[in-house]
1. Just to be sure, is G71 in a helix (DSSP H, G or I) and modelled with pLDDT of 60 or more?
2. What pairs come out if I take residues in segment 58-72 that are touching a residue at least 12 places away in the same chain (Cβ under 8 Å) and pair them with residues that are part of a helix (DSSP H, G or I) and of a type in the set (K, R) whose C-beta lies under 7 Å away, six or more apart or interchain?
Amino acid sequence: MQLNMGFIWIGALLVLGGVLLTAGKALGRGRLSEAKSARRGYASGTLEPKGANARLPFRAFWPGLMMLALGALLLVIGATAWMPET
């Protein structure tokens, strides 16, 4: 039972760490709605770019997303293997 609770605690910490890491990286990149010049491909008066959005690339977030996935896996393993004593 102690090992399963360990999986649950480690999984919960990994999920929380992944959320904080991903949110920190997104917030650290600056405002998404800051004004851009028209020559850089952004329309005036709108928040959306004309082309593909390169402000939030997947490469920047993969460590946080992997932490989330591993934490979720550990939570599921700990929850399915945990059998309360009756």
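1. Details: in a helix (DSSP H, G or I): yes; modelled with pLDDT of 60 or more: yes.
When the stated conditions are applied, G71 passes them.
2. From residues that are touching a residue at least 12 places away in the same chain (Cβ under 8 Å), the pairs are A60/K25; F61/K25; G64/K25.
The values are calculated or read from the model by the stated rules, or taken from the named source; none is laboratory data. As the structure is a computational prediction, the values presented were derived from the model and not from experiment. Heads up, the Cβs are rebuilt from the backbone with ideal geometry, glycines too, and the neighbour counts pull from every protein chain shown.
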